[in-house]
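Working notes for the structure below.
The values are calculated or read from the model by the stated rules, or taken from the named source; none is laboratory data. Being a predicted model, the structure only gives us computed values, none of them experimental. Here Cβ is always computed from backbone atoms with ideal geometry, including for glycine, and neighbour counts include all displayed protein chains.
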Amino acid sequence: MKKDRLLLVISSIILLLSGCSNTKAERETTEDFSKKYVEEIKMSAKTVTDEQLQNDEIPFHTIIYLEGIISKSDQKSQVLEKGDRFLLQTEKSSYMIFNDQDRPLRVGEAIRVYGEYQGFLKGILIEKEKTIG
């Protein structure tokens, strides 16, 4: 009985340790996937005008991008986190954006938002002005 218990404990430790490995190859694969995902989003995003958005000419679930300045947040803080909503001020209008990415943003920053149009824009990739290009 003690032998069975010891074998079970040793097997559990081995499984636990083998599940924790994070090799360089795994990290590189993840980074490559992330880069490909970002490029795919950028390439598939449609350029839209304020007029098209104002006239409801954009079909729901279309991947689009907008550029502008974060003018207001639904939080009291000036720092935006994942799950926060904010207004993006473009040249002619303001649009509701749902922040669906992990990078922190601040009210007043110039950004480019790539995302899925749902009557608002679900921002799945948001680039700050200094990283746009």
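Of the numbered criteria (1) without any contact (Cβ under 8 Å) to a residue 24 or more places away in the chain; (2) over 21 Å from E40 (Cβ atoms); (3) assigned to a loop (DSSP other than H, G, I, E, B), the one L87 fails is (3).
Applying the criterion of being surrounded by 17 or more Cβ atoms within 10 Å (Cβ to Cβ) and not hydroxyl-bearing (S, T, Y) to the residues of segment 59-83, the residue that is nearest to E129 (Cα to Cα) is G68. Picking from residues in segment 98-111 that are over 12 Å from the mean Cα position of the chain (by Cα) and outside any loop (DSSP other than H, G, I, E, B), the one that is surrounded by the most Cβ atoms within 10 Å (Cβ to Cβ) is I111. Confirm whether L53 is in contact (Cβ under 8 Å) with a residue 12 or more places away in the chain, assigned to a helix (DSSP H, G or I) and over 21 Å from Y37 (Cα atoms). When the stated conditions are applied, L53 passes them. For segment 51-83, which residues satisfy the criterion of being among the hydrophobic types (A, V, I, L, M, F, W, C), over 14 Å from Y117 (Cα atoms) and at pLDDT below 95? Of everything in segment 51-83, those that are among the hydrophobic types (A, V, I, L, M, F, W, C), over 14 Å from Y117 (Cα atoms) and at pLDDT below 95 turn out to be V79, L80. Of the listed requirements (1) among the acidic types (D, E); (2) surrounded by fewer than 15 Cβ atoms within 10 Å (Cβ to Cβ); (3) in a strand (DSSP E or B), E116 misses just one: (2). Which residues, counting only those in segment 68-83, are in a loop (DSSP other than H, G, I, E, B) and either of a type in the set (G, A, S) or more than 12 Å from the chain's Cα centre (by Cα) (or both)? D74, Q75, K76, S77, Q78, G83, listed by residue number.
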